[in-house]
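First the structure, in the form of structure tokens, and then the observations on it.
The values are calculated or read from the model by the stated rules, or taken from the named source; none is laboratory data. Note that the structure is a prediction, hence the values are computed from the model and not measured. Every residue, glycine among them, receives a Cβ derived from its backbone with ideal geometry; neighbour counts consider all protein chains shown. Accessible surface is based on the protein model in full, side chains and every heavy atom, while ligands, DNA and RNA are left aside. Shrake-Rupley method; radii C 1.70, N 1.55, O 1.52, S 1.80 Å.
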Amino acid sequence: MRRLVLALMLFAAPLLSQSVDGKELYDKNCKECHGAVGTPAKITLVKFPRIVTFDSAFVAHHSVDSIVKILTKGKNDDMISFHRDLTDNEMTALAQYIRKLGTRKRG
């Protein structure tokens, strides 16, 4: 039994240590509506007037946990839930990336 546990630990360790790429997840799941850098296109704003921009005001009011909650449950009729599409780790990485977008300098 001890050897089996050790073998499983050795096999699973590389899988557990793989990092999740928040930018890749954003590009795949969020970019179409929220824009490449967190600013929705004007046409998207017309279609979805409640869509948010990921800026300093957003970051000031949204922690990683609150963004994960939105990703998990969705918001209003416009924002879909990703609870069936993303793991908890992926949602956390995505939320961290979204906050990073909100803290960058705007040109």
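What are the pairs, 6+ residues apart or on separate chains, where a residue within the range 44-71 that is charged (D, E, K, R) has its Cβ under 8 Å from a residue that is in a helix (DSSP H, G or I) and modelled with pLDDT of 95 or more?
Asp65/Ala95
If a residue must be open to solvent by 70 Å² or more (accessible area, probe 1.4 Å) and part of a helix (DSSP H, G or I), how many such residues does the range 46-61 contain?
The qualifying residues number 5.
Can you find even one residue in the range 16-33 that is assigned to a helix (DSSP H, G or I) and at pLDDT below 90?
Yes, that holds for at least one residue.
Looking at the range 69-107 only, could you name the residues that are more than 17 Å from Glu32 (Cβ to Cβ) and open to solvent by less than 30 Å² (accessible area, probe 1.4 Å)?
Result: Met91, Ala93, Ala95, Gly102.
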